[in-house]
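J.: Below you'll find the structure I mean.
The values are calculated or read from the model by the stated rules, or taken from the named source; none is laboratory data. Since the structure is predicted, the reported quantities are computational estimates derived from the model, not experimental observations. Cβ atoms come from the backbone with ideal geometry, glycine included; neighbour counts cover every protein chain shown.
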Amino acid sequence: MITFDVIGFLLSWFTFFSIYAILSMSLNLEVGYAGMANFGKVAFYGIGAYVSAYVSMSIFLSLAGLNYPLYSLEATMAMVKLASQNPMLNVSVFILTLILAFLIAGAIGYVIMYPTLRVGPAFFGITVLSFGELLRIFLRHYEPTGATYGLTGIPHPFAWIEDVFVKNLLFTSVTLIILILLFLYAQRLVNSPLGRTMLAIREDEIAALCMGKDVPKVKGKVLFIGSGMAGIAGCILAYYIGSINPNIFVPTVTFDVWAMMILGGIGNNKGAIVGAGIITLVDRATAAINFVFPGLIIDPNFIRWMIIGLIIILVLLFKPAGLIPQTYTWTPAWKIVKPLEEKAKRRREKLLSPFKKISKWFLMGG
Amino acid sequence: MAPILKVVNVTKYFGGVRALEDVSLDVEKRAMVGLIGPNGSGKTTLFNVITGFYPPDRGEVYFKGRRIDGLNPNEIFKLGLVRTFQNPRLFFNMSVWENMLVIPQDQKGESLLKAPFTRLWLNEEMEIAKKASSLLKDFGLKDFVINKVSDLSGAHIKLLESARGLMGKGEMFLLDEPAAGVAHTDAHKIFSFIRRLRDEYGLTFFIIEHRIEVLMDYVEYVYVLHNGRLLSQGTPEEVMRDPKVIHAYIGE
Amino acid sequence: MPTITEFINTFWVGSIYFLSAVGLTISYRVTRVLNFAHINLMTIGAYTAVLLSLSSPVHVAFAIPVVFLVGGIFMMAVHFAVYSRLMELKATPLVLMISSMGVWIFVKFFLYGLLGYLQKAWKVEMYLAKPRLIVGGEIKVEGLTLSGDLFTALALATLAAIFLYVFFSRTKTGKALRAVADNPDLAEISGISHSRVMYITWFIAGGLASLSGMMWALFAHATPELGDTLILQLFAASVIGGLYSVPLTTVGAYTIAAAENIVIATLHETIGLEVSYRPFFAFFILLVVILVRPPLGAGGGLPYRFKVLRRLMRR
């Protein structure tokens, strides 16, 4: 009998949930608000992961005065020794790489995709998808980052804590805090004039252009933020799993994120997070099933992916708005039309009342 | 007084097919000018060239004395030249209120750094909101603020489109068939409303209309396009009497 | 210098790309769905041929119609189950594109699961298979073997091109297809059944793509990732055609094939470029086309000109 580690399961779920929630939120900014079909999310996720792995490993090795190539076995071995020595160093490198991952992924998103911002969604989608694929091919052949083997031994920011449980708990809480901060930022972003302009562009970009909006510029901004957020998610992933290789960043990751966003509701940050929660839970559960009952006749992985495909199709067909439908952008200007705002709020309450009833039922015990 | 809009010898080909050839026209400030012509005569193409959808192959366009051909549509809008489409292009899944607020140019809150901090753009936002609310009152749309645009009736959508144009610094409006698919009596209502707007806000209007007779009572000057060339121009009466125009319309 | 083999491969691979990309182009032009499920079709075509010839080799002339039918019917089924319903809901092209992505993932992993099952049940290697088709017409010239597969690919591409040309310019259905593509509203008025036109388009596009999958399996071999490895090339070829023009798509397919065979061989010899960087050429061509000759009309792009380009053009 294999014992099932409930707390370990929850911690790994929460970490993956945060990573994917950040990804799906960033995708939601791009698709749900600015109408850009980003099929290459995984590229920026990968850039974030590789940048943070590369930078943190180089810093550690050069501080120790070692001159191994990053991908060598010696470097990996040295990492294990170096990682647990200086708490301050570990944490500050973590913070530094978070910022770097955001900036570099964002900048690459902005620069590479800017030429495609004026062509239709079909062409944009193709280009971004291709970019993601190409990046993977490039990384597989790029020696300094270990080609197909990738980079191993990325120094965990809390490697100096000996108790594995405390270490993981701390890391998971840090990722959750990052998620909450990014969520608050995204909420403020969409409930601002910028969010309004983004929505207008999604609705009808030609009309937005004729109404004086510099559409490619706004889209570029959104792409910067969206790619940057994906970069942060990649950075967290790199530290969490400790070793990365090009095969983690296959296009299917992008589709996972899409399924989360569509399930939760396009054009809604909360929806993106709820969708990420549901799908990562299913995901972790399949992983657990795989672990508990190995050797099933059909790989549960394939079934899991089929479910992802089905979710996308079925939600679009039968509940296009997703679990939490989109609302208006709530800027302070609504105060001017206050009485009407009250009416709108009541309508929202009515929409949310089933959820409230359910939560009450849980809290009060029936 | 110099004309507010000046089109000089504009020529536009699409893959060898002539859409416009040597079209020149002037629109005076605070005027109401019509552009008529049979279907496919290049009226909408001319609007598209003026508002920067396509650069002209030859020729120049001046607005308020500034050359605007080759600029992007958003830059032309910022100069105060607003266009509408034959099928209204509003942001249909947004509220009427947001449709109004989104228009003003270069809002502080549209910057990536300032957007998350409400304090930095609150004042500007409130000013925009005040302007929007008074405009909506003028246009009789006050009760629909919270509604989605897709829930409005056709007439209200047309009103909102004009109101939206006034949210920017619009000085001149290019209206593409504002009375398309509307019965004669209602068309008259729309045109008298446009005339009222011209008088109250001091605007200039350049209007495409397919039917000559509805437009005649409202405009001061008319240009007639036929097969991409300027066929005739003058006051409505002159144009109505011009044998070339009669021939073009009957011969259609 | 590139050898004669590279030139032969250019034509061979180019024909395969053409067969697939042309389906993508016409289906987008008529239905406005950017069909990611097109990628599945190639895999399906390859494995149909593999399964047909599993017990004993079959002649290619028998395999071609079967593969065409399977692909065509599959695409019609997808249209029936997903796209037609979304179109009834007045879905935007963006939503249709996303749904096609859902179909792609679903079918891809369904195939993976099915093939994995067959592999276990029948004890045959499935994840790396080769269809055993009898193809005659091998020619030996000066120590160079030109296989029948090459001629089949060339013949199929030529036949498809001729068929499409005749179909679009001579037949009533083909003209209807073009009318729908250029102006859906007008076509509706003139009494052309929109839905029938769509089904026909999907049938042709699906059939051609699955044939190209079969030909690719003969060129290389069949894997469940077959279609996925060729995404970039196919879409780049179609983008060169603006997702609109069949002749330009042809140009695109052969250009990319040439870049991937002749150009890379030359660069490999001169500056030692890795051969596996092949897909970069397709991406490079894609970016250049999008920058210099943006396909604005059909793709629903923006009438927007970049300032830098604008200044260059003025000079």
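J.: Just name the residue that is surrounded by the fewest Cβ atoms within 10 Å (Cβ to Cβ) out of those in the range C:73-128 that are closer than 29 Å to A:F124 by Cβ and of a type in the set (D, E, K, R).
T.: Restricting to residues being closer than 29 Å to A:F124 by Cβ and of a type in the set (D, E, K, R), the top hit is C:K90.
J.: Yes or no: B:V214 part of a loop (DSSP other than H, G, I, E, B) and touching a residue at least 24 places away in the same chain (Cβ under 8 Å)?
T.: Criteria not met by B:V214.
J.: Moving on to the next point. For the range B:155-175, does any single residue satisfy the condition of being within 20 Å of A:W330 (Cβ to Cβ) and without any contact (Cβ under 8 Å) to a residue 24 or more places away in the chain?
T.: Checking the range B:155-175: not a single residue is within 20 Å of A:W330 (Cβ to Cβ) and without any contact (Cβ under 8 Å) to a residue 24 or more places away in the chain.
J.: For the range A:49-72, which positions are closer than 18 Å to A:A147 by Cβ and in contact (Cβ under 8 Å) with a residue 60 or more places away in the chain?
T.: A:A49, A:Y50, A:V51, A:A53, A:Y54, A:M57, A:P69, A:L70, A:Y71
J.: Identify, from the list A:I232, A:I236, the residue that is assigned to a helix (DSSP H, G or I), at pLDDT 90 or above, of a type in the set (A, V, I, L, M) and touching a Ser or Thr at 6+ places or on another chain (Cβ under 6 Å).
T.: Every option except A:I236 fails the conditions.
J.: Filter the range C:1-39 for residues that are away from chain A (no Cβ under 14 Å) and within 17 Å of C:T223 (Cβ to Cβ); which is surrounded by the fewest Cβ atoms within 10 Å (Cβ to Cβ)?
T.: This residue is C:V13.
J.: Could you look through the range B:97-119, keep only residues that are in a helix (DSSP H, G or I) and more than 28 Å from the chain's Cα centre (by Cα), and pick out the one that is surrounded by the most Cβ atoms within 10 Å (Cβ to Cβ)?
T.: B:T118
J.: Give me the pairs: first residue in the range C:141-152 and on the phi > 0 side of the Ramachandran plot, second residue among the acidic types (D, E) and modelled with pLDDT of 75 or more, beta-carbon distance under 7 Å, and six or more apart or on different chains, which are they?
T.: So the pair list comes out empty.
J.: Okay, moving on. If you take just the helices (runs of 4 or more DSSP H) that sit entirely in the range C:40-130, which of them hold at least 3 residues that are within 14 Å of another protein chain (Cβ to nearest Cβ)?
T.: Output list reads C:84-88, C:93-122.
J.: Answer with yes or no whether A:L96 is at pLDDT 80 or above, out of contact with any Asp or Glu (no Cβ under 7 Å at 6 or more places or on another chain) and buried (at least 19 other Cβ atoms within 10 Å of the Cβ).
T.: Criteria not met by A:L96.
J.: Please work out if C:V251 is part of a helix (DSSP H, G or I), over 21 Å from the mean Cα position of the chain (by Cα) and under 21 Å from C:W216 (Cβ atoms).
T.: no
J.: Restricting attention to the range C:48-57, does a residue exist that is crowded, with 22+ Cβ neighbours inside 10 Å and out of contact with any Pro (no Cβ under 8 Å at 6 or more places or on another chain)?
T.: Yes, the range C:48-57 contains a residue that is crowded, with 22+ Cβ neighbours inside 10 Å and out of contact with any Pro (no Cβ under 8 Å at 6 or more places or on another chain).
J.: Taking B:F92 and the conditions (1) within 8 Å of another protein chain (Cβ to nearest Cβ); (2) over 27 Å from B:A155 (Cα atoms); (3) modelled with pLDDT of 85 or more; (4) surrounded by fewer than 19 Cβ atoms within 10 Å (Cβ to Cβ), which numbered condition does it fall short on, given that it satisfies the others?
T.: Of (1) within 8 Å of another protein chain (Cβ to nearest Cβ); (2) over 27 Å from B:A155 (Cα atoms); (3) modelled with pLDDT of 85 or more; (4) surrounded by fewer than 19 Cβ atoms within 10 Å (Cβ to Cβ), only one is false for B:F92: (2).
This table checks each residue for (1) more than 15 Å from the chain's Cα centre (by Cα); (2) touching a residue at least 40 places away in the same chain (Cβ under 8 Å).
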site	(1), (2)
A:F9	yes, yes
A:V31	no, yes
A:I47	no, yes
A:E74	yes, no
A:A83	yes, yes
A:P87	yes, yes
A:L96	yes, yes
A:I104	yes, yes
A:G109	no, yes
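J.: Right, A:I279: more than 14 Å from chain C (Cβ to nearest Cβ), surrounded by 24 or more Cβ atoms within 10 Å (Cβ to Cβ) and touching a Ser or Thr at 6+ places or on another chain (Cβ under 9 Å) or not?
T.: Criteria not met by A:I279.
J.: In the range A:200-217, which residue that is closer than 11 Å to A:R118 by Cα and of a type in the set (V, I, T) is surrounded by the most Cβ atoms within 10 Å (Cβ to Cβ)?
T.: A:V215
J.: Determine whether the range B:203-210 contains at least one residue that is assigned to a helix (DSSP H, G or I) and in contact (Cβ under 8 Å) with a residue 60 or more places away in the chain.
T.: no
J.: Right, here's the next one. Residues being touching a Leu at 6+ places or on another chain (Cβ under 8 Å) and not charged (D, E, K, R): count how many of those fall in the range C:68-88.
T.: Of the residues in that region, 8 qualify.
J.: Now for a different question. Checking the structure you have, find out if any residue of the range A:251-268 is under 14 Å from the mean Cα position of the chain (by Cα), assigned to a helix (DSSP H, G or I), more than 10 Å from every other protein chain (Cβ to nearest Cβ) and surrounded by fewer than 22 Cβ atoms within 10 Å (Cβ to Cβ).
T.: Looking for residues that are under 14 Å from the mean Cα position of the chain (by Cα), assigned to a helix (DSSP H, G or I), more than 10 Å from every other protein chain (Cβ to nearest Cβ) and surrounded by fewer than 22 Cβ atoms within 10 Å (Cβ to Cβ), one finds at least one in the range A:251-268, hence yes.
J.: Follow-up question, since we're still on this one. Yes or no: B:E161 more than 9 Å from every other protein chain (Cβ to nearest Cβ) and touching a Pro at 6+ places or on another chain (Cβ under 6 Å)?
T.: When the stated conditions are applied, B:E161 passes them.
J.: Against the conditions (1) out of contact with any Pro (no Cβ under 9 Å at 6 or more places or on another chain); (2) modelled with pLDDT under 85; (3) within 14 Å of chain C (Cβ to nearest Cβ); (4) assigned to a helix (DSSP H, G or I), where does A:P320 fall short? Just the number, please.
T.: (4)
J.: Collect the residues in the range B:1-52 that are in contact with a helix residue (DSSP H, G or I) (Cβ under 7 Å, 6 or more places away or on another chain), in contact (Cβ under 8 Å) with a residue 60 or more places away in the chain and not in a strand (DSSP E or B), keeping them in residue-number order.
T.: Listed by number, the residues that qualify are B:R30, B:G37, B:P38, B:T51.
J.: Additional query: Hey, does the range B:124-141 have a residue that's facing another protein chain (nearest Cβ under 7 Å), touching a Pro at 6+ places or on another chain (Cβ under 7 Å) and either in a strand (DSSP E or B) or within 18 Å of A:V215 (Cα to Cα) (or both)?
T.: No, the conditions are met nowhere in the range B:124-141.
J.: Only one of these conditions is not met by A:F138: (1) more than 14 Å from chain C (Cβ to nearest Cβ); (2) surrounded by 14 or more Cβ atoms within 10 Å (Cβ to Cβ). Which number is it?
T.: Failed condition: (1).
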